[in-house]
Structures are given as structure tokens and as C-alpha cells.
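Quick note: the coordinates plus some simple rules give every number you see, no bench work behind them. What you see is a predicted model, and the numbers here were worked out from it, not measured in a lab. When we count neighbours, we look across all protein chains shown, and the Cβ atoms used for this are built from the backbone with ideal geometry, even at glycine.
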Amino acid sequence: MSNLPFDPLLVAILAPLAVALAIACGLPKRFSVKLAYVGFGLPLLLALHVWFYYGGVPQTSGYAFLTSYSTGLDGLGIGLKLGLNGISLPLFVLAGIVGFAAGLYAIQSGAERLKIYLMLLLIMQGGLMGVFASVDIFFFYFFHELALIPTFIMVGVWGGRDRNYA
């Protein structure tokens, strides 16, 4: 499997969210941009690491890198389960690549209100990584909505001339 001392799927999901939270706490713009590079780059590196250590899906569980975390709502059947199979792995890696490219473009373009833009893009990145790594349907939906809300805001604020029709 993987030789990392931590769960690469969980870190790939939480890293962009933690960086977005740090940017929201009022860091200076210059430091926020440097931290955003980490927030976009770490999920890409972890996704590529998982890709290279993927040895096929085990016959017992159907998911590689399967991990389970207690949420306190286990009595309701809600638990955070992360794993990758043959379909979700390429999408997980692709989300890392596209998120990194989008982050680089956003930083280089110098969009107005760049800190807010980067924060929303990082939340979207964390949500997308979570969508493709989720095994549990509750958290699949949670991460999907987590990615959609910043998308809606970004289209409404930074969209083109006909953004209201989108």
C-alpha cells in the first residue's frame, strides 16, 4: 500500500480546507498566496503518491486505501469511510491535477479579491477530493455540496456578463 505515516486521502481532503480556513483568518495577501500554493500542491502530490502505490483493489473490501473514522453518529450509520477503487482513483488524481492547475491560474491571473477567490477555490478543491475518496453516501453528498456552494458563489461574483443565467 502506502508507506506514509498518515492517511493520504484524509490529508488530501483536509489540507485545502485548512489552508482556506487559515486564509479566512486574515493572513496578509502575500502570505496567503504562498500558503495557497501549498493548499493546491499537497493534494496533487498525495494523489500522485496514491496513484503510484495503487496495487489493485483487494478482493475483500473492493477498495484500496480503505480507512474508516468515527463521527459520533455511528448509531445512525454515518461514518467517514474513505477509499479508492478503479473508477474513483483516476478521478481523484484528475481532481488533484485540475485543482492545482486552477489554483496556479487563479494566482497568476491576479483576480480581484484574490484572497476570497483562493479561499473559495480551496474549499471547492477539498470538496472534490472528498467526493472521489468517499465510500459512504452521506459524506459523498456532504463533500459534493461542499464543492457546489463555492462554485455558486464564484459564478455569481466572478462570472461573465450573463452570470445570472448560469
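Only one of these is in contact with a Pro (Cβ under 9 Å, 6 or more places away or on another chain) and closer than 18 Å to Asp7 by Cα: Gly96, Gly41, Gly83. Name it.
On the way: Gly41 fails: in contact with a Pro (Cβ under 9 Å, 6 or more places away or on another chain); Gly83 fails: in contact with a Pro (Cβ under 9 Å, 6 or more places away or on another chain).
Residue meeting the stated conditions: Gly96.
Suppose we keep only residues that are without any contact (Cβ under 8 Å) to a residue 60 or more places away in the chain and either touching a Leu at 6+ places or on another chain (Cβ under 8 Å) or surrounded by 14 or more Cβ atoms within 10 Å (Cβ to Cβ) (or both) within segment 59-69. Which one would you say is farthest from Val135 (Cα to Cα)? Within segment 59-69, the match that is farthest from Val135 (Cα to Cα) is Tyr69.
Within segment 76-100, residues that are within 15 Å of Gly126 (Cβ to Cβ) and touching a residue at least 40 places away in the same chain (Cβ under 8 Å) have Cβ atoms under 9 Å from residues that are among the polar types (S, T, N, Q) and assigned to a loop (DSSP other than H, G, I, E, B) in these pairs: Leu80/Ser70; Leu80/Thr71, counting only partners at least 6 apart in sequence or on another chain.
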